[in-house]
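A short worksheet on the structure shown next.
The values are calculated or read from the model by the stated rules, or taken from the named source; none is laboratory data. The model shown is predicted, which means the values in this text are computed figures rather than measured ones. Cβ sites come from the backbone with ideal geometry, for glycine too, and all protein chains shown count toward neighbours. Surface accessibility is based on the protein's heavy atoms, side chains included, excluding ligands, DNA and RNA. Shrake-Rupley method; radii C 1.70, N 1.55, O 1.52, S 1.80 Å.
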Amino acid sequence: MHFSVAIFLIGSVLLTQTDARYTADWKSLDARPLPSWYDEAKFGIFVHWGVFSVPGFGSEWFWWHWQGQQPPDQKCVRYMTENYPPGFSYADFAPQFHAQFFNPEDWADIFQASGAKYVVLTAKHHEGFTNWGSPNSWNWNSVDNGPHRDLVGDLGNAVRNRSLHYGLYNSLYEWFNPLYLSDKKNGFKTQEFVLHKLLPELYNMVVRYKPELIWSDGDWEAPDSYWNSTEFLAWLYNDSPVKDTIVTNDRWGAGCSCQHGGYYNCADKFTPGEVPKHKWEKCTSVDLQSWGYRRNMKIVELMDLPDIIEDLVRTVALGGNYLLNVGPTPDGMIPPLFEERLRGVGTWLDVNGEAIYGSSPWRVQRQNKTDTFWFTSKGSTVYAFMTTKPKRVILTLYAPKTSDNTNVTLLGNPCPLTWFPITADAGLVVALPELPFTPGQAWTLRLDGVL
């Protein structure tokens, strides 16, 4: 049965009458309002986990670098030659993906302690292995092979029990899937992979797990018309069980990035210089060299906590969400250094979170004078972030316009701070108290009664 026919028949059963119906074109789909939970959340955790975690070498692109690209990456070739017997295939890594120490409750505790409001797990990366028992991925999934567990379902239950939103990453393409390679050879004029693998699997995943976010990827080799992206998104927004809460990104076909979709990723580690006109997200990784677990990672190759906090603050000040990635081990453990970073972010957010969650960009996002400050706002309140310890105890903020009702405090300390205006038009000088020690090396002023 053609996918569109199947969706129509099943969708008619699930259909709930709504005021708005979206048609399968970008003009209609792009007009859908983004569900409010996403912008309010601000901070999420990305989890790259799969068969690629077993070799744990180079990055999650190990298989492609070893046997896909031409010429192959010689570091990957040597790694296999020196550590595995002749004839060892990538598929032979799957039974070693044991996840024997995977405790979804422990993971969810760490994510909750980080202060994150949503979690995104790789349901399927470019290798094609699904972390759930996909009926369209026979013996290349975590129930038939490796862990023999429904990793997507187990983590989803634990995350939702802590009132966190749950999202799933899904790669549209698969490096070595024969159906995909055949379509590619035909110039994407055929859709055998899309109709018999990708779309049935995506539909099944949505109905089974009801994610609140779909983080699409692996789209760039073919146009959205090949992937049937607009048809799928129209069903997702109109008739799926998550039609009112689902959030999507912008990776739905070549040329879609930063142009179409729910929110925009634009590129990995995207960092704009000013507030974009469209809601966006920065995804980045604690491990600067990989999204997946690496056995040989070094501490100097990891983001430290002050860098993470500054990156988070900058992103939110410019209107973005911040999705911070960790790569678990094939045994199912989050490496202690990653856990330490996540818990450190949570400790900082315990004090400063009111300036992050539910905030909006202020009319001025950054002050570059002697010291650098970032700003957010919430209603009539403005927040000024100090991401390095000021050199002086007298702080000058040039942008805020004060009034007789202006009040300044340091988050974590309710005592009002002494301040006086610079001019009648704008600016104030604040006398700082002794700043408390924080591993994140960042502090926040709350300014009430300013414009």
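Using a ≥ b ≥ c from the Cα gyration tensor of the stretch 220-300 (square roots of the eigenvalues), is it rounded, prolate or oblate, where a/c under 1.5 gives rounded and otherwise the larger of a/b and b/c decides, a/b for prolate? It comes out prolate by the Cα gyration axes. In terms of its alpha-carbon gyration tensor, the stretch 85-222 comes out oblate; a/c meets the 1.5 threshold, while b/c is at least as large as a/b. Sorting D250, D244, D154 by accessible area puts them as D244, D154, D250; the probe is 1.4 Å, largest comes first, and only protein heavy atoms count. For the chain, the longest principal axis of the C-alpha atoms and the axis of helix 229-238 are separated by about 60°.
Averaging Cα coordinates gives a centre for the stretch 204-250 and one for the stretch 21-66; these two points are 11 Å apart. When the Cα positions of S229, M205, W49 are compared along the charge dipole of the chain, S229 comes out farthest toward the positive end, with charges on each C-beta of Lys, Arg, Asp and Glu. Label R295 and Q74 with points 7 Å out from Cα along Cα→Cβ: what is the distance between them in nm? Each label point lies 7 Å from its Cα, and together they span 2.2 nm.
Which of the trypsin sites (Lys or Arg not before Pro) across the stretch 232-277 are loop residues per DSSP, with 10 or fewer other Cβ within 10 Å?
Those satisfying the criteria are K277.
The stretch 389-451 and the stretch 296-331 have Cα centres spaced 28 Å apart.
The 1.4 Å probe gives accessible areas that order T315, T230, largest first, as T230, T315. Largest first, the residues D404, D150 sort by 1.4 Å accessible area into D404, D150.
Taking K and R as +1 and D and E as -1, what net charge do the other residues with C-beta under 11 Å from the C-beta of D287 add up to? Taking every Cβ under 11 Å from that of D287, the sum is +1.
For the stretch 430-446, 3J(HN,Hα) computed residue by residue from phi via the Karplus equation (6.51, -1.76, 1.60; θ = phi - 60°) reads 10, 8, 7, x, 5, 6, x, 5, 9, x, x, 6, 8, 9, 9, 9, 9 Hz, glycine and proline entered as x.
When the accessible area of the chain is computed with all protein chains present and a 1.4 Å probe, what percentage of it is carbon and sulfur? It is 54 percent, rounded to a whole number.
Rounded to the nearest 10 degrees, the inclination of helix 74-83 to the longest alpha-carbon principal axis of the chain is 70 degrees. P(r) tail for the stretch 207-361: Cα pairs beyond 19 Å make up 62% of the total. Here is how the number arises for the chain: DSSP H runs of 4 or more residues each give -39500 (n - 2.57), the sum is divided by the residue count, and the result at 222 nm is -7500 deg cm²/dmol.
Computing Cα Rg over 2.2 N^0.38 Å for the structure here picks out one of (1) 2.05; (2) 1.06; (3) 1.24, namely (2). Taking a ≥ b ≥ c as the square roots of the eigenvalues of the alpha-carbon gyration tensor, the stretch 372-426 is classed rounded because a/c is under 1.5. In this structure, the residue pairs whose Cα-Cα separation is over 24 Å, taken from K189/K269; K277/K391; K27/K279; K75/K298, are K189/K269; K277/K391. Placing dummy labels 7 Å off each Cα toward the beta-carbon, the span from W138 to F437 is 6.1 nm. Once you mark the GluC sites (Glu not before Pro) that are in a DSSP loop and have at most 16 other Cβ atoms within 10 Å, what is the longest gap between them in the chain? Formally, the longest exposed-site-free interval is 1-220. Helix 151-160 axis versus longest C-alpha principal axis of the chain: approximately 30°, rounded to the nearest ten. With all protein chains kept in place, the per residue accessible area of the stretch 276-425 amounts to 44 square angstrom at a probe of 1.4 angstrom.
Working from label points 7 Å from Cα in the Cα-to-Cβ sense, the S225 to Q100 distance is 5.2 nm.
Compared with the alpha-carbon gap, the fully stretched path from N204 to A91 is longer by 38.3 nm at 0.36 nm per residue.
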